[in-house]
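No value in this document is a laboratory result; all are computed from the given coordinates. What you see is a predicted model, and the numbers here were worked out from it, not measured in a lab. Here Cβ is always computed from backbone atoms with ideal geometry, including for glycine, and neighbour counts include all displayed protein chains.
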Amino acid sequence: MNLRHSPLTAALLLAIATPVLAAPAGEAPADASSQAKQLDTVEVHGERVRKASSPKYTEELVDTPQTITVVTSEVMAQQNLLGLRDVLSTLPGITFGAGEGGGGYGDSINLRGFNATTDITVDGVRDSAQYTRTDNFNLESIELVNGANSAMSGAGSVGGNINLVSKTAREGNFSTFTLGAGTDSFGRATVDSNHDFGTGQALRVNAMVHRNDVADRDVEEYKRWGIAPSFAIGLGSDTRFTLSYLHQHDENIPEYGLPYFAAYGGLLPGISRNAYFGYRNMDRQEIDVDMLTGVFEHDFNDRTSLRSLARYQKVDQHTLVNPTQGAWCLDSGINPSTGAACTGTMLPGTYQPSGPRGTTRDTTNGLALSQTDLTARFTTGSVEHALVAGFSFMHETYELDNGNTQRNADGTAPAYPVMDIHNPDNVYAGPLNYIRTGHTDGTLDNQAIYAFDTLKFNPKWELALGARYEHNEGDTRTLTYATPAAGGAITVGPTFRNEEDLFSYRAGLLFKPADNGSVYLSYANSKTPSKASVNGACTAQTCEVDPETAVNIELGTKWNLLDERLAVTAALFRNERQNYKVADPNNPDNPSGMQQLDGKARVDGIALGVAGNITRAWSIFANYTYLDSEVLQSVSDRVLEDTGIDAQAGNPLPNTPEHSASAWTTYALQGWTFGYGVTYQGDFYTASTANAPRVKSYTMHRAMAGYQFNARFGLQLNIDNLFDKQYFTRVRNNGWATPGAARSAVLTATFKF
């Protein structure tokens, strides 16, 4: 690698070298406080998460040549982090997209410079539906796996993979109940109860009911409930089977936010932080998630085991939204979109809604899959092997009905009244007629075989190898409906198909200078076909294009210090998209207009982390990420050759902050636990174009105080955004952005039996 920032490189090399000289010291605490450990361990009330949940990872995380962060359910509860975005927002190097993505409204995630929206897995298998994952009540942990991960989890991007680990029935009896109340109409109740029948059978039930408004916002709200039973048989024996089910229902008024323009430093002048520019009596998001999972496990002996997972999942989402879009005229009489004086009937201090008002989408994602893994440990000569071989089958379906509910009977748009920019009218009183404009359906099938082997040559040297071969095939068809005013004709579009055979691989060389540490160098690729997700449509210009390729190279170190109480980690990495699709207009040698794989982009970065217990009472979880991103080429080779112009080359990648960091620390004192956290996100651009909005940096603080009255009962107070910082996330180019929640407080009572 050729990193241009030598002081940072030197800092990394120093971080790698220092632990080699440090001698572990101190005694392990009898009951360490819950803290997430970056990369190599998670300690939860004296227990440690020693390896990733997937059977594809055979070694402890300290001996896994890849950056992995594990955040447990206890840590989420300690910081009152409830949804996926809540958790990921505390991990550096992650930003979020605005509003609707290609598959609909929901989680839109950028990881270390590249889109990772479809790189989400649940229990190690794909979860590509785009919806808002609002609650972690049934999650044991969240694993953030950085770098190209196609070999492990299938076709994907170079940024990484986010794995959600479900709670399941297990041995032992326990019951935990929580009741929470707070500002902004916050109310929450959960139960997590596991009953061990004593015959190798256990039943676990997780349930949740929740509601909250959004701090300092007048309209947005979240309501949901969920239940997740799990039944296991054969616990403690060689043959085990677990059947789990999850149902969650959400009724939300989603956040589209406030007008945001780069030329004005973000929020337009004169706009109130709590203003709502949609329609409170129309906007809604309803989600139903149903997931049925069966896991069969068998140990042939202490060196060979089999695990097979089967899942059926259905996600239904209905959204009706009025994005913050239209024409603006500031008090100064200036149109912020043009910088010129307002024209037409627009008066100073007014807003004229336009664009996709009343947009209505009904989506259904179906998923059926199975994954089987065989793990075997054996030796060949003096080399020890930990081999995982497996195969998977997946079938996904997608249906979308889209249209508009705020229409005249003939399908034409109503005349939206001009609003006061300071006090927008957010109650819709116009005509209500649902006019369907389109229907899309798609399928995606994937069959894969893979193998991973960790070769231990001696106590000092290990080599991890892995490869995956998969066949990926999908199609998309769209029907277009004319309005009644235009005759109501239905146009059936062509069915676009994409079929690819993909080969992904990874390799990591690991050196152990001591039992409690490692230094590694890894290399991996990722393959992303044009039909990478079932809800992603390929077109005539993209479906026949070969898969995109990206690579990740990482040099890192992981150390467990202070008798493995404290984890110190460092990694230097490069993520590079070697060939992504770009337009190739007016090319006589390409009359179909097929896009070309000539785009190139790169992110060089550093990740540092420290986590664990400094003393018996004092714990810390802190991370820092530096990202140096650059567009290398954004036009086709022909355009570059003919014009010599590539306007984006040399610009940073969108949604990629150069600096970001977070820290959370707690101190236990005679039944009390005090916690304090800070999150910093540096500024970034929303696009690689010259006039792209620049999202300002922000620093946000949170605090916690808890008291454990006895082993069964405790109280915890959380204050989020302690200093009421105004900041924005999910920013759309010269459109809108979601304001971060204002200061809020929640008091939670926990009962354990």
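To the nearest whole percent, what portion of all C-alpha pairs in region 146-209 is separated by more than 20 angstrom? Above the 20 Å cut-off, region 146-209 has 57 percent of its Cα pairs. Helix 6-21 versus the longest principal axis of the chain: what is the Cα-based angle in degrees, 0 to 90, to the nearest 10? Helix 6-21 and the main axis of the chain meet at about 20 degrees.
The Cα atoms of region 512-612 give a gyration tensor whose axes a ≥ b ≥ c have a/c of 1.5 or more with a/b greater than b/c, which makes the shape prolate. Shape summary: region 365-489 maps onto an equivalent ellipsoid whose semi-axes, from the alpha-carbon gyration tensor, are 58, 21, 10 Å in decreasing order. In region 598-753, Cα pairs under 8 Å separated by at least six residues give a relative contact order of 16 percent. May I ask you to work out the translational diffusion coefficient for the chain at 37 °C, viscosity 0.692 mPa s, via Stokes-Einstein with Rh from the Kirkwood sum over Cα pairs, reported in whole µm²/s? For these conditions, the coefficient is 120 µm²/s.
Across the options Val582, Val746, His298, the greatest Cα extent toward the positive end of the charge dipole of the chain (unit charges at beta carbon of Lys, Arg, Asp, Glu) belongs to Val746.
Fewest-first ordering of Met419, Met291, Met152 by other beta carbons within 10 Å of each residue's beta carbon gives Met419, Met291, Met152.
Please tell me the relative contact order of the chain in percent, rounded to the nearest whole number, where contacts are Cα pairs under 8 Å and at least six residues apart. Relative contact order for the chain comes out at 13 percent. Seen through its C-alpha gyration tensor, with square-root eigenvalues sorted a ≥ b ≥ c, region 387-430 comes out oblate because a/c lies at 1.5 or above while a/b is not bigger than b/c. Quick one: compute the contact order of region 173-278, relative version, from alpha carbon pairs under 8 angstrom and 6+ residues apart, as a percent. Reported as a whole number, the value is 19 percent.
Region 636-661 and region 564-619 have Cα centres spaced 15 Å apart.
Note on the chain: with charges restricted to the Cβ of Lys and Arg (+1) and Asp and Glu (-1), its dipole about the Cα centre is near 1140 debye.
Taking 15 Å as the straight-line reach from the Cα of Lys223, the aspartates and glutamates in range (excluding those fewer than 8 positions away in the same chain) are Asp135, Asp184, Asp213, Asp250, Glu251, Glu255, Asp283, Glu286, Asp288. What you get for region 634-697, charging only the Cβ of Lys and Arg (+1) and of Asp and Glu (-1), is a dipole of about 420 debye around the Cα centre. Under 24 Å of direct C-alpha separation, and excluding same-chain neighbours fewer than eight residues apart, Lys56 reaches these lysines: Lys37, Lys167, Lys456, Lys460, Lys512, Lys527, Lys558.
Using a cut-off of 20 Å between alpha-carbon atoms, which lysines can reach Lys696, once sequence neighbours fewer than 8 places away in the same chain are excluded? Lys696 reaches Lys725.
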